[in-house]
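Enquirer: Before I ask anything, here is the structure I am working with.
The values are calculated or read from the model by the stated rules, or taken from the named source; none is laboratory data. Given the structure is predicted, the values throughout are model-derived calculations rather than measurements. Cβ: placed from backbone, ideal geometry, glycine included. Neighbour counts: every protein chain shown. In case anyone asks, the SASA skips ligands and DNA or RNA and just uses the protein heavy atoms, side chains included. Shrake-Rupley method; radii C 1.70, N 1.55, O 1.52, S 1.80 Å.
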Amino acid sequence: MSDIIFDVRNVTLRFGGVISLNDVSLHQDRGEILAVIGPNGAGKTSLFNSLTGVYQPQEGTINFTGRNGKSISIIGRKAYRVANFGVARTFQASRMFSALSTFENVKIGAESHRGIGVVGAMLHGPGTRRDEKRSDERTEELLKFVGLSAKANTIAASLSYGDRRRLEIARGLATDPQVLLLDEPAAGTNPSEKVELANLIRRVRDNMGVSILLIEHDMKLVMSLAERLYVLNFGGVIAEGTPEEVRANPVVIEAYLGSTTEEAESI
Amino acid sequence: MTELLAKPPLRRLLITIAVVAVIELMTGPPGSNTAPTAGFKGSFAEHASFFGLFRTQRWVLFLFLALVGWGIVMVWMTNGPRVRVTLNKWLVVPRKFTSTRPVRWGVLGALLVVAVLLPHIINSPFWQAAMVEQIAVYVLLAIGLNVVVGFAGLLDLGYVAFYLIGAYTAAWVTGALPLPPLFNHALNPFWAIPIAIALVMITGILLGAPTLRLRGDYLAIVTLGFGEIVTIFANNLYGITDGSLGSKLIPHPSIHLGPLKYVWGLKPVPYYYLALGFVVLFLIVFSLLEHSRVGRAWTAIREDEVAAESVGINPLKYKVMAFAIGAASAGFAGVLTASQSNFIFPSSFTLTFSINILVLVILGGMGSIAGVVLGAILIQTVTEWLNNGQHWGYQPSDLYIYLGALLIVMMIFRPAGLIPSKRRKREILLSEADHENSHMDEVLLGDDT
Amino acid sequence: MGAFGHYLLAHLDTLKHEFWALFVGGVANGLLYGMIAVGYTLVYGVLRLINFAHSEIFMAGGFAGYFVMKALVGASAPSAFASVGLIVLGIVAGGVAGAVMAALLERVAYRTLRRRNAPRLAYLISAIGASYFLFNLAGKEFGHIAVSTPQPYINHAVFHIFGAPVLMYYIIILIAGVIMFIALDRLVAKTRLGRGIRAVAQDAETASLMGVNIDRTIAITFIVGGALGGAAGFLFAMGTGVVYTMGFVPALKAFTAAVLGGIGNLRGAMIGGLILGVFEGLCVVFVQAAYIDVVAFGILVLVLLVRPTGILGERLGRSA
Ligand SMILES: Nc1ncnc2c1ncn2[C@@H]1O[C@H](COP(=O)(O)OP(=O)(O)OP(=O)(O)O)[C@@H](O)[C@H]1O
Ligand SMILES: [Mg+2]
């Protein structure tokens, strides 16, 4: 039995007259680095938003299966519930808590799934203090993991693009996810940062056992990282396969030629 | 003409004169509907003392003030930034000193000692009463509203409802309402405190759960409506609240706990200590909360709700929590007021009141506990001083004009308040820096962990 | 059948008898709500903000109209011709006062913050401050007691529908409201000014790239909404009188109307106003007068929770 983490079937998402996702079916195996590519406006971010409960598709099913084998349906659930099931994400235009420090950003992720405990928080009891210590340790660990230890006390808004991406990854990882959704993590980063980012993503999967779902326009990065990929165009899946298969697929080349030659050339 | 107006110095002069003219109106004599121009005329034409030197018409005096103000503005415009930089340089060492832990605790301790000794330093009965009714009560309300507006970023314009419910709970529990108390057994108001706090928190949850998913400005209007409705009910449900007659004969609180026996009476000072105890309690609880997971979650929601949800924070739950927790201190304040004064009237719990409390929070600094306490003490002390005796023809109803103007002025010139909360200040500056990158340096000064 | 059934039956009977009288009054009130609601909707369209100080624009119109009437209406009833002239004058006075007030508000409480790109909360607070400042200043200058406006007409029943009298006052509101609303609708739909307003409402950034002067458009939007609100203030003042706090309740209801019709949607504002006015009018049969405001407010909460886009949906150029 193959171990599927995300199972998306016949999902259609509309905004008024605009169809963002059109009968999309795809799946991701546990532990896989899966990529979704496609020209601008293809519906990639919409797919992510549907997978995380931010958008509610009108048709189709999305099933998420946890490590414990329990399967839940994503559609109809609130985004925070989905996050609590073990789905973490980053955003295309990075969204941090910009007035807080790097450390606090990640810590918010680390403690968010620990229940609320207002009374504990008000009284600052021993249990709360223990929790707090654990979150601090976890935060430090993750900052080290993504290479932001030196900037722990920097205000998030003043981080560079590359650092913001890493901060978002650390914050997502802090929630102890089973799958991490990355929406164009390499956008706005320089070539050397891209290499580091690719290594980081691989380490997330290898060391933490977190599956990766990746949206990326940088084909070099996608081709070197992804084990399998889906190509979206006009809201529909037009191709699927290993990087080699997709690269050779005439439909894909056509789709990209239709949009920007630059990207087509990079395939 | 327009070219001339475009010149900054002249523009500033005209703006200064306009502002001063408004102040002239605000401080001038009142008019009436039979003499609608009397106030305007009097504000400019009435005679006033020119700093004790000679008597002249008000407009001369204010024109002089406008010119002085303009001069100050001009000097500040050219030298302000430099002065600020120098000042910051000079302040680096003292700031470092005051931000160390022992110093902070020392300052807090000293303030507490002053607060405890205050009734012995101030002997005037007027001020002793004011310290309870006008200052302590308002501090309690301000720190509670600060949880909602400052921490969670929710504009609640119906906060007075919780104060009202607290006060009526005191009346109900002690058997002063037509509605019979629990088990038909009247308790003394001391027991009303926990009951009132529990009740307002439950009300907060019930009101908050459906409405707090609304966007900020909708929420403001809905809470405003709720505040009105609660007052309307209190005013009209004669069978439960005695309606507009209000509730009289609410007894003073007392404690009989084993060897501990104490009866609060007519004198204000014992109430002052009761209030002070609760103020300290709420301050500790709220500031622990601010720096806890809950406080961070509130900040996260305030800054970016979508991102907060993406890490598993349930925004509605935290907002409702802020609503309920913020209500607690208003509930206590209600009991305090009711049991000290022995009577309550629905007409004293109006929208005006909610806005008064909002002004205290805004002046002090949204999200800054120290700021909010300072804001409340400052405004309430000045108000009481103005109300106590004759001051330049000031009338109590003028207060609201000043408070409204203060809200606008604060939003234009110092949106983060007198003692800004670091997080809030950064948020505001960041939002503005999106616009104009020049602010960035200021924003990124200083770490706070 | 319980006591509640009897209660309902008895009241339904009253409703049957009073229906048309209440209906007519409700329509008149509804038109006033709609005229105020238009101001909320216009400002919301261009700024995505609720103008909390709109109630004071209404109040300004009320006072302006009141003083004009007080100065010009004599002891004896004016001739029909003079009557029309006075009413038009009152509407113009109210409209001008409302427009001036709106322009000042925009300049002081909004534009200063817009320049700095302040957070949303700041606008709400400064508008609340402005509202508070203005109505209390009005109280200081014009007294704190309510007074009634001298009426420039004889308020007799002009005709009857289904036995219910239609008073002169209602007819004035109806004519004034319909003319103003049609004028506004044409203005926004047909003129260059209206195109500017719609362009800013749709996408301010693109509009400014296309050469629309954003500052000016926003100011004019305030002024247009203010003129209608001020005129409504005068019409209201003729029936109910003036007092410095007169803006609060009608404005809250007008806001409800705007939300009910779909905030940002001009026709929605008018329809929402009519629905609310009539509904409220009929409710008088079932609830005590003191609770009428509670009913209106209940509608607001219900609409916001169940269908926040209102009946016609948010619009003014925005796509779905
Ligand atoms: N909230 C929304 N409201 C209306 N339309 C939307 C919304 N979100 C997405 N869309 C539409 O759905 C389509 C797909 O958008 P989406 O953002 O998913 O594309 P994308 O593949 O992520 O593009 P890009 O590479 O530019 O990020 C677009 O036509 C977009 O306009
Ligand atoms: Mg995208």
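Enquirer: Would you calculate, for chain C, the mean residue ellipticity at 222 nm contributed by helices, counting each DSSP H stretch of 4 or more residues as -39,500 (n - 2.57) and dividing by all residues, to the nearest 500? Intermediate values should be presented prior to the final figure.
Expert: Working: 12 runs with 231 residues, N = 320.
Taken over chain C, the calculation gives -24500 deg cm²/dmol.
Enquirer: How much net charge surrounds A:T12 when only other residues with a Cβ under 12 Å from its Cβ are counted (Lys, Arg +1; Asp, Glu -1)? Working shown, then result.
Expert: On the way: positive: A:R9, A:R14; negative: A:D23, A:E59.
Taking every other residue near A:T12 into account, the sum is 0.
Enquirer: Residues with beta-carbon under 15 Å from that of A:L47, excluding A:L47: net charge, scoring Lys, Arg +1 and Asp, Glu -1?
Expert: Details: positive: A:R9, A:R14, A:K44, A:R89; negative: A:D7, A:D23, A:E59, A:D183, A:E184, A:E216, A:E240.
Counting the neighbours of A:L47, the net charge comes to -3.
Enquirer: For chain B, set up a Gaussian network in which alpha carbons nearer than 10 Å are linked by springs, and say which option among B:D156, B:D398, B:D304 fluctuates the most.
Expert: B:D304
Enquirer: Helix hunt in chain C: which complete DSSP H runs extend at least 24 Å axially by C-alpha with mean Kyte-Doolittle at least 0.5?
Expert: Numbers: long enough: C:3-47 (51 Å, 0.99); C:54-72 (28 Å, 0.85); C:80-105 (37 Å, 2.30); C:120-142 (33 Å, 0.84); C:168-190 (33 Å, 1.91); C:214-240 (38 Å, 1.36); C:266-283 (26 Å, 1.52).
Result, helices passing both filters: C:3-47, C:54-72, C:80-105, C:120-142, C:168-190, C:214-240, C:266-283.
Enquirer: Order of B:206-217, A:78-89, C:288-299 by packing, highest average Cβ count within 10 Å first?
Expert: Details: B:206-217: 18.5, A:78-89: 22.7, C:288-299: 16.6.
Ranked from most to least packed, the peptides come out as A:78-89, B:206-217, C:288-299.
Enquirer: Over the whole of B:26-34, what's the average partner chain Cβ count within 10 Å per residue? Rounded to a whole number, please. Each step should come with its number before you reach the end.
Expert: Numbers: counts 4, 0, 2, 2, 6, 6, 7, 14, 4.
For peptide B:26-34, the averaged partner shielding equals 5.
Enquirer: Moving on to the next point. Using the alpha carbons of segment C:21-306, what is the convex hull volume per residue in cubic angstrom, as a whole number?
Expert: On the way: hull volume 38.9 nm³, N = 286.
It is 136 Å³ per residue.
Enquirer: Leaving out ligands and nucleic acids, note down the accessible area per residue over segment C:21-306 with a 1.4 angstrom probe, in whole Å². Write down the numbers at each step before the final one.
Expert: Details: 10280 Å² over 286 residues.
That works out to 36 Å² per residue.
Enquirer: With axes computed from alpha carbons, what is the tilt in degrees of helix A:250-259 against the longest principal axis of chain A, rounded to the nearest 10 within 0 to 90?
Expert: Approximately 70 degrees, to the nearest ten.
Enquirer: Moving on to the next point. Interface size between chain C and chain B, please: total buried accessible area, 1.4 Å probe, rounded to the nearest 100 Å². Please list the in-between numbers first.
Expert: Numbers: alone 15450 and 24650 Å², together 35290 Å².
Buried area between the two chains comes out at roughly 4800 Å².
Enquirer: Another one. Relative to the longest principal Cα axis of chain B, at what angle does helix B:189-211 sit, 0 to 90 degrees, rounded to 10?
Expert: It works out to around 60 degrees.
Enquirer: Percent of Cα-Cα pairs more than 28 Å apart in chain A, please.
Expert: On the way: 12769 of 35511 pairs.
More than 28 Å apart: 36 percent of the Cα pairs in chain A.
Enquirer: How big is the charge dipole of chain C about its Cα centre, in debye rounded to the nearest 20, if each Lys and Arg gets +1 on its Cβ and each Asp and Glu gets -1 on its Cβ? Walk me through the numbers before you get to the answer.
Expert: Numbers: 21 positive and 12 negative charges, 212 e Å.
The calculation lands at about 1020 debye.
Enquirer: A further question on this structure: For segment C:1-22 and segment B:180-235, compute the distance between their C-alpha centroids and round to whole Å.
Expert: Computed from Cα coordinates, the inter-centre distance equals 33 Å.
Enquirer: If you don't mind, there's one more thing I want to ask. Among C:G45, C:G230, C:G25, determine the one that fluctuates most according to a GNM of chain C built with springs between C-alpha atoms less than 10 Å apart.
Expert: C:G25
Enquirer: Restricting to bridges with both residues inside chain A, how much of the DSSP beta-bridge set is antiparallel, in percent to the nearest 5? Before the final figure, lay out each step's value.
Expert: Numbers: 22 of 38 bridges.
Percent antiparallel among DSSP bridges in chain A is about 60.
Enquirer: What ranking, highest mean first, results for peptides B:368-375, B:104-111 when packing means the other Cβ atoms within 10 Å averaged over each residue?
Expert: Values: B:368-375: 23.9, B:104-111: 11.2.
The most tightly packed comes first, giving B:368-375, B:104-111.
Enquirer: If the elastic network links every pair of Cα atoms under 10 Å, which of A:R247, A:R129, A:R171 fluctuates the most in the Gaussian network model of chain A?
Expert: A:R129
Enquirer: Further, regarding this structure: Using +1 at the Cβ of each Lys and Arg and -1 at the Cβ of each Asp and Glu in the protein assembly as shown, identify which of B:A21, B:I193, A:N233 lies farthest towards the dipole's positive end.
Expert: So the residue furthest toward the plus end is B:A21.
Enquirer: Per residue, what volume in Å³ does the Cα convex hull of the protein assembly as shown take up? Present the calculation step by step, with values, prior to reporting the outcome.
Expert: Values: hull volume 235.9 nm³, N = 1036.
Convex hull of Cα atoms, per residue: 228 Å³.
Enquirer: Also: At a Förster distance of 35 Å, what's the computed FRET efficiency of A:E141 paired with B:K422, Cβ-Cβ distance as r, to 0.05? Can you show the working numbers first?
Expert: Numbers: r = 26 Å, r/R0 = 0.75.
That pair, A:E141 with B:K422, gives E of 0.85.
Enquirer: In whole percent, and with a 1.4 Å probe on the protein chains, what portion of the accessible area of the protein assembly as shown is carbon and sulfur? Write down the numbers at each step before the final one.
Expert: On the way: 29330 of 44710 Å².
Carbon-and-sulfur percentage of accessible area, whole number: 66.
Enquirer: Shielding by partners for B:284-290, please: the mean number of other protein chain Cβ atoms within 10 Å of each residue's Cβ. Numbers along the way, then the final one.
Expert: On the way: counts 3, 4, 1, 0, 6, 5, 1.
What the average comes to for B:284-290 is 3.
Enquirer: For segment B:141-281, report the accessible area per residue in Å² (1.4 Å probe, heavy atoms, rounded to an integer).
Expert: Values: 5410 Å² over 141 residues.
Here the residues of segment B:141-281 average 38 Å² of exposed surface.
Enquirer: Counting DSSP beta bridges in the protein assembly as shown, what percent are antiparallel, to the nearest 5?
Expert: Working: 36 of 52 bridges.
Once the DSSP bridges in the protein assembly as shown are tallied, antiparallel ones form about 70 percent.
Enquirer: Based solely on its DSSP helices, what 222 nm [θ] is calculated for chain B when runs of n ≥ 4 H residues each add -39,500 (n - 2.57) and the sum is averaged over all residues, nearest 500 deg cm²/dmol? Spell out each step's value before the answer.
Expert: Details: 20 runs with 304 residues, N = 449.
Per the formula, -22000 deg cm²/dmol.
Enquirer: Roughly how many whole Å is it from the C-alpha centroid of segment C:238-287 to that of segment A:1-57?
Expert: Answer, in whole Å: 45.
Enquirer: Within 10 Å of each Cβ of B:214-224, how many other protein chain Cβ atoms are there on average? Walk me through the numbers on the way to the answer.
Expert: Values: counts 4, 5, 7, 11, 9, 2, 7, 12, 5, 0, 6.
That average works out to 6.
Enquirer: Moving on to the next point. For segment C:127-192 and segment B:347-396, what is the separation of their Cα centres, given in Å?
Expert: 35 Å
Enquirer: Then there is this: What is the packing order of peptides C:245-258, B:240-253, taking the mean over residues of other C-beta atoms within 10 Å and listing the highest first? Working shown, then result.
Expert: Working: C:245-258: 25.6, B:240-253: 18.2.
Per-residue Cβ counts within 10 Å, averaged per peptide and sorted highest first, yield C:245-258, B:240-253.
Enquirer: Let me ask another. Let me check something: with ligands and nucleic acids excluded, how do B:K317, A:K194 order by accessible area (1.4 Å probe), largest to smallest?
Expert: Working: B:K317 110, A:K194 50 Å².
The ranking, largest first, comes out as B:K317, A:K194.
Enquirer: About its Cα centre, how strong a charge dipole does chain A have in debye, to the nearest 20, once Lys and Arg get +1 and Asp and Glu get -1 at the Cβ?
Expert: Numbers: 31 positive and 32 negative charges, 226 e Å.
Around 1080 debye, computed over chain A.
Enquirer: Quick check for me: using +1 on Lys/Arg Cβ and -1 on Asp/Glu Cβ, what's the dipole size of segment B:125-418 about its Cα centre, in debye to the nearest 20? Spell out each step's value before the answer.
Expert: Numbers: 11 positive and 12 negative charges, 93 e Å.
For segment B:125-418, the charge dipole is close to 440 debye.
Enquirer: Relative to the longest principal axis of the C-alpha atoms of chain B, give the angle of the C-alpha long axis of helix B:58-98, reported between 0 and 90° and rounded to the nearest 10°.
Expert: The angle comes out at about 70 degrees.
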